[in-house]
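Take a look at the structure below.
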Amino acid sequence: MAVDEKLQTVRHSCSHVMAEAVLHLFPGTKIAIGPAIETGFYYDFDFPKDTKFSDSDFPAVEKEMRKILAGNHDFIRKEVSKEEALDLFKDEPYKLDLIKNLADTEVISTYEQDGYLDLCRGPHVNNTKEINQQAFKLMKTAGAYWHGDPTQPMLTRVYAACFEKPNDLKDYLKMLEEADRRDHRKLGIQMDLFHIEDEDPGQVFWHPNGWTMYLTLQDYMRDKIRKDGYLEVNTPAVMPRSLWEKSGHWGHYQKNMFVTESEKRIFAIKPMNCPGALEIFNTRTRSYKDLPLRLAEFGHCVRNEPSGTLHGTMRVRGFVQDDAHILCTDEQIGSEVTKFCNLLKDVYKDFGFDKNLIVKFSTMPDDHVGDLETWAHAEKALADACKAAKLEYEISPKEGAFYGPKLEFTLTDALGRQWQCGTIQVDYQLPSAERLNAEYIGADNQKHHPVMLHRAVLGSIERFLGILIENYAGAMPAWLHFEQAAIVPVGGGFTDYAQKVCSAMTAAGIRANAYISDDNMKNKIKFVTSEHKTPYILVVGQKEQDEGTVTVRFRADSNIPQKVYKLEEFVAYVQDKISTHYNGI
């Protein structure tokens, strides 16, 4: 048995032990499901109405679990008929619901340990002694509808972390502590970057500090794609239902679209930009000489994501993609995919994400449009392009878009967490005669349909910026930070010089602020260091004023000692770091 499989078996077995402990402590509780998950397991319970289960009950449950584990109880598997299962679990409504939905021919198995019986496919460890008593910890509770259906009862989901060894649990808990310190939602408030209103879920209100970084990131990408041969466009936020029906989105994505009506016509706020790009393509006769045509759009999209899935700027309803659609010929797919991959790697390098990049090849999903022959052709074209780009990839079966296969690029942050951001997708469907009927005149003087490549490097700017905030714990690279330099006079007599330094830096294109309030120097430095995480703190006093210098304190994460510069010398230093997108300060 592979290590991962063994760990998942330990976790699933531990979930049964937790369920047993809960039933010991809270008689009358009804049990639902308890699967293993990435870092542990959870179990869903329906507690009696007079029971208020909370995190404060965790120590008692953990103590009871350790008592059960110490008993060295065997996990005993037994196969039963559907009738036997219905009788065994006649007092467990959620188990009965599961059993009734099983096919009559399906094998039904139960597992029992220490008198606790559960409906389960397994597998499980042989004995509770295989679960380390110090390698699990109950983490949190959450509400969960049965079957994920809001019309069904709300259950209490209890999450736990679980590992084979205590040290693995300790490492995981340390990582969680560090992740909490880096939480972009907390830093967003602390650094005055953004906020999200409870009454407007999934929509980000960007404050001046955060919007400065947002625009800097967007302008950075705008410069990159302009140099890479893209033409920027902008398409309407609201488009008619008829267009979404032609594109196939209405039939495959309508549940995630915000819909409105005007003059007895139905419109949708766009959840993606691709139909708009083809509308632009179709406004004039195109030649094969015009291809590839790379149309980029920082398009604002809105998707009706379930409120329970929203998470800061990482998962939102309103967002802007660094989107682009490349219209090309079959023969150009390989070179365009290679060109895109080079762009993506160049961008990721500027953020320190060029190492440990994971590429996944997603194939045809069950819910797709187009015939199998076209899909096979699209998948082969993308595979050939990967080979040309010398890309190694993993296969993600049935994870493609409904219109075509795709590559997904996953980066790794400072905590070892993985984030899927970039993507490129091969689409023969949208430009086809059956969809939006995009055409160009080929070298043979005949009409042909182009291939459409959907691609993004960052994914969404909101999400990528959230990833960056957590990766750098708010201490962004100087070129991206909203405040690149803070000028702090040692006393009130040097405010004029502090403002002069600030003006010189601002004129040189550096984002600088002079802190000339009546607060003392120590408090000012503490503020820009801990709250703003400003890369450069320039302290000025009599000596600096007399000599035209600045004493620079570099942000702590740089490990650069304090240094005195001539003002013009330091301006040049900062300009160099900014212009080269140096991944630091």
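The values are calculated or read from the model by the stated rules, or taken from the named source; none is laboratory data. These numbers were taken from a predicted model, which means no experiment stands behind them. As a convention, Cβ positions derive from the backbone with ideal geometry for all residues, glycine included, and neighbour counts pool all protein chains shown. Calculation scope for accessible area: heavy atoms of the full protein, side chains included, ligands and nucleic acids excluded. Shrake-Rupley method; radii C 1.70, N 1.55, O 1.52, S 1.80 Å.
Output yes when any residue across the range 43-52 is farther than 15 Å from ALA161 by Cα, among the basic types (Lys, Arg) and without any contact (Cβ under 8 Å) to a residue 40 or more places away in the chain, and no when none is.
yes
State all residues of the range 205-219 that are open to solvent by less than 40 Å² (accessible area, probe 1.4 Å) and not hydroxyl-bearing (Ser, Thr, Tyr); if no residue qualifies, say none.
Across the range 205-219, the qualifying residues are ASN209, GLY210, MET213, LEU217, GLN218.
Output the residues belonging to the range 100-115 that are touching a strand residue (DSSP E or B) at 6+ places or on another chain (Cβ under 8 Å) and either surrounded by fewer than 18 Cβ atoms within 10 Å (Cβ to Cβ) or of a type outside the set (Val, Ile, Thr) (or both).
Within the range 100-115, LEU102, VAL107, SER109, TYR111, GLU112, GLN113 meet the criteria.
Does the range 145-161 include one or more residues that are in contact with a helix residue (DSSP H, G or I) (Cβ under 6 Å, 6 or more places away or on another chain), modelled with pLDDT of 95 or more and of a type in the set (Ser, Thr, Tyr)?
no
Taking the options THR329, THR338, THR309, THR374, name whichever one is touching a Lys or Arg at 6+ places or on another chain (Cβ under 6 Å), more than 27 Å from THR216 (Cβ to Cβ) and not acidic (Asp, Glu). Break it down into steps so the answer makes sense when it comes.
On the way: THR329 fails: touching a Lys or Arg at 6+ places or on another chain (Cβ under 6 Å); THR338 fails: touching a Lys or Arg at 6+ places or on another chain (Cβ under 6 Å); THR374 fails: touching a Lys or Arg at 6+ places or on another chain (Cβ under 6 Å).
Only one candidate passes the filter, namely THR309.
Filter the strands (runs of 3 or more DSSP E) completely within the range 394-469 down to those with at least 2 residues that are in contact (Cβ under 8 Å) with a residue 12 or more places away in the chain and buried (at least 22 other Cβ atoms within 10 Å of the Cβ).
406-412, 418-427, 451-460
Might you check whether a residue that is buried (at least 16 other Cβ atoms within 10 Å of the Cβ), touching a helix residue (DSSP H, G or I) at 6+ places or on another chain (Cβ under 9 Å), farther than 22 Å from ILE76 by Cα and of a type in the set (Val, Ile, Thr) occurs anywhere in the range 127-141?
yes
Under 9 Å between Cβ atoms, at least 6 apart or on separate chains: pull out the pairs that start in the range 186-211 with a residue that is without any contact (Cβ under 8 Å) to a residue 12 or more places away in the chain and end on any residue that is open to solvent by 70 Å² or more (accessible area, probe 1.4 Å) and of a type in the set (Phe, Trp, Tyr).
Once the first residue is without any contact (Cβ under 8 Å) to a residue 12 or more places away in the chain and sits in the range 186-211, its partners that are open to solvent by 70 Å² or more (accessible area, probe 1.4 Å) and of a type in the set (Phe, Trp, Tyr) give GLU197/PHE205.
If you go through the range 401-418 one residue at a time, do you hit one that is polar (S, T, N, Q) and over 29 Å from the mean Cα position of the chain (by Cα)?
no
Which members of the range 244-265 meet the condition of being in contact (Cβ under 8 Å) with a residue 40 or more places away in the chain and open to solvent by less than 40 Å² (accessible area, probe 1.4 Å)?
The answer is SER247, GLY248, ASN256, MET257.
Could you grab the pairs with beta carbons closer than 7 Å, sequence gap of 6+ or different chains, first residue in the range 334-358 and closer than 16 Å to LYS406 by Cα, second one of a type in the set (D, E, K, R) and open to solvent by less than 20 Å² (accessible area, probe 1.4 Å)?
These pairs meet every condition: PHE340/ARG455.
Does the range 284-341 hold any residues that are closer than 13 Å to TYR230 by Cα and assigned to a helix (DSSP H, G or I), and which are they?
ASP290, GLU336, LYS339, PHE340
Identify the single condition in (1) touching a residue at least 12 places away in the same chain (Cβ under 8 Å); (2) not in a loop (DSSP other than H, G, I, E, B) that MET272 does not satisfy, given that it satisfies every other one.
The number of the failed condition is (2).
Looking at GLY276, is it under 26 Å from the mean Cα position of the chain (by Cα) and surrounded by 18 or more Cβ atoms within 10 Å (Cβ to Cβ)?
Criteria met by GLY276.
Can you name the number of the only condition in (1) at pLDDT 95 or above; (2) open to solvent by 30 Å² or more (accessible area, probe 1.4 Å) that ASP50 fails?
(1)
Enumerate the pairs (first residue in the range 150-161 and without any contact (Cβ under 8 Å) to a residue 40 or more places away in the chain and closer than 22 Å to ALA36 by Cα; second residue anywhere and part of a strand (DSSP E or B) and open to solvent by 10 Å² or more (accessible area, probe 1.4 Å)) with beta-carbon separation below 6 Å, excluding pairs fewer than 6 apart on the same chain, so at least 6 apart or on different chains.
MET154/GLY143; MET154/TYR145
Here are VAL337, VAL320, VAL302: which of them is β-branched (Val, Ile, Thr), under 23 Å from MET476 (Cα atoms) and open to solvent by less than 40 Å² (accessible area, probe 1.4 Å)?
VAL320
Which condition does ASP118 not pass, out of (1) in a helix (DSSP H, G or I); (2) under 15 Å from LEU23 (Cβ atoms); (3) open to solvent by less than 50 Å² (accessible area, probe 1.4 Å), if it passes all the others?
It is condition (1) that ASP118 fails.
Do we find a residue being of a type in the set (Ser, Thr, Tyr), open to solvent by less than 30 Å² (accessible area, probe 1.4 Å), touching a strand residue (DSSP E or B) at 6+ places or on another chain (Cβ under 8 Å) and at negative phi anywhere in the range 29-36?
For the range 29-36, residues of a type in the set (Ser, Thr, Tyr), open to solvent by less than 30 Å² (accessible area, probe 1.4 Å), touching a strand residue (DSSP E or B) at 6+ places or on another chain (Cβ under 8 Å) and at negative phi: present.
Of all residues being assigned to a loop (DSSP other than H, G, I, E, B) and in contact with a Ser or Thr (Cβ under 6 Å, 6 or more places away or on another chain) in the range 41-71, which is farthest from LYS140 (Cα to Cα)? Just the residue, please.
Selected residue: PHE47.
So if I check each of GLY308, GLY352, GLY318, which one is at pLDDT 95 or above and within 21 Å of the chain's Cα centre (by Cα)?
Just a single option satisfies the conditions, and that option is GLY318.
For the structure I just gave you, tell me whether ASP97 is in a strand (DSSP E or B), charged (D, E, K, R), more than 28 Å from ASN256 (Cα to Cα) and over 26 Å from the mean Cα position of the chain (by Cα). Can you show your working first?
Values: in a strand (DSSP E or B): no; charged (D, E, K, R): yes; more than 28 Å from ASN256 (Cα to Cα): yes; over 26 Å from the mean Cα position of the chain (by Cα): yes.
No: the conditions fail for ASP97.
From the list PRO489, PRO535, exactly one residue is at pLDDT 95 or above, of a type outside the set (A, V, I, L, M) and under 27 Å from LEU465 (Cα atoms). Which is it?
PRO535
Among the residues of the range 53-73, write down those that are surrounded by 15 or more Cβ atoms within 10 Å (Cβ to Cβ), among the acidic types (Asp, Glu) and either under 17 Å from ASP118 (Cβ atoms) or touching a residue at least 60 places away in the same chain (Cβ under 8 Å) (or both).
Hits for the range 53-73 are GLU62, GLU64.
Does at least one position in the range 368-391 carry a residue that is of a type in the set (Phe, Trp, Tyr), open to solvent by less than 40 Å² (accessible area, probe 1.4 Å) and in contact (Cβ under 8 Å) with a residue 40 or more places away in the chain?
Taking the range 368-391 first, the residues of a type in the set (Phe, Trp, Tyr) are 375.
So of that shortlist, the ones also open to solvent by less than 40 Å² (accessible area, probe 1.4 Å) come out as 375.
Retained after the next criterion (residues that are in contact (Cβ under 8 Å) with a residue 40 or more places away in the chain): none.
No, the range 368-391 contains no residue that is of a type in the set (Phe, Trp, Tyr), open to solvent by less than 40 Å² (accessible area, probe 1.4 Å) and in contact (Cβ under 8 Å) with a residue 40 or more places away in the chain.
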